[in-house]
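One structure below.
The values are calculated or read from the model by the stated rules, or taken from the named source; none is laboratory data. Please read these numbers as outputs of a predicted model, since none were measured by experiment. Cβ placement follows ideal geometry from the backbone for every residue including glycine, while neighbour counts extend to all protein chains displayed.
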Amino acid sequence: MAVVSMSKQEFSRLDVLLRVQSGRLRVGDACVLIGLQRRQVFRPLRGLKQDGATSLLSKHRGKPSNHRLPAEVRTLALSIVRERYADFGPTLAAEKLAEHHGCPVSRETLRGWMIADGLWQDRRHRLPSPHQPRRRRDRLLLSLGRPRAGGPLAPLFPFW
C-alpha cells in the first residue's frame with residue numbers, strides 16, 4: 001500500500017465517495033457535498049473502484065506548467081540582469097530587459113527567478129527590524145474590569 005498525499009478538498013471528496021460506495025450516503029447528497037452534477041459523480045466512483053484513492057488525485061501534480069517559459073529565456077534574462085542590472089529591483093530590471101534587450105518577462109516571474117538565484121531579496125528579508133521587541137504586560141486587570149466603589153474587588157485595588 002503506497003502513501004498518498006492529498007489536499008483537503010481531495011480528502012473530503014474521498015470521504016464522501018467512500019460513504020457513497022458503502023451505501024451510507026446517497027448519490028444525490030454526495031452531489032451537494034462534492035459540488036458536482038449527479039452524472040459526474042459516477043466517474044470518480046468508477047476510478048475509486050478501479051485504482052483506489054490515487055485516481056482522485058490531480059494528474060498534473062509534479063508536472064511543469066504549460067505556461068512555463070523555456071530555460072533558455074531564464075538563463076538569458078538572469079545573465080543580462082547579473083551583468084548590467086545587478087543593483088536593480090525586479091520591476092525596473094524587467095522594464096530594461098523588455099526595452100533594451102527584447103526579452104519580455106513579467107516582473108513577478110523575474111522576481112521569483114532573482115530570489116531563487118540569490119540576486120535580490122525583498123525588503124522584509126533584507127533589513128533587520130529597527131524596533132526592539134518588548135515584553136507585553138499582563139492583561140489580568142483589564143479582564144476583571146474596573147471595580148465599583150462598594151464592590152467586592154475594591155479592597156484589592158485601592159489605587160483605582
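Some notes on this structure:
- Check on residue 46, over 30 Å from residue 106 (Cβ atoms), part of a helix (DSSP H, G or I) and out of contact with any Leu (no Cβ under 9 Å at 6 or more places or on another chain): yes
- Residue in the range 52-62 that is surrounded by 15 or more Cβ atoms within 10 Å (Cβ to Cβ), among the aliphatic types (A, V, I, L, M), modelled with pLDDT under 95 and not in a loop (DSSP other than H, G, I, E, B) present: yes
- Only listed residue being farther than 30 Å from residue 15 by Cβ and exposed (fewer than 15 other Cβ atoms within 10 Å of the Cβ), chosen from 128, 90: 128
- Selection status of residue 104, over 30 Å from residue 19 (Cβ atoms), loosely packed, with under 10 Cβ neighbours inside 10 Å, at pLDDT below 95 and not basic (Lys, Arg): no
- Unique residue being small (Gly, Ala, Ser) and under 27 Å from the mean Cα position of the chain (by Cα) when the list is 98, 53: 53
- Of the residues making up the range 107-118, those that are closer than 17 Å to residue 76 by Cβ, among the hydrophobic types (A, V, I, L, M, F, W, C) and either in contact with a helix residue (DSSP H, G or I) (Cβ under 9 Å, 6 or more places away or on another chain) or buried (at least 16 other Cβ atoms within 10 Å of the Cβ) (or both) are 110, 113, 114.
- Filter result for residue 76 (under 25 Å from residue 122 (Cβ atoms), of a type in the set (A, V, I, L, M, F, W, C) and in contact (Cβ under 8 Å) with a residue 24 or more places away in the chain): yes
- Test: residue in the range 71-89 that is of a type in the set (S, T, N, Q) and part of a loop (DSSP other than H, G, I, E, B): no
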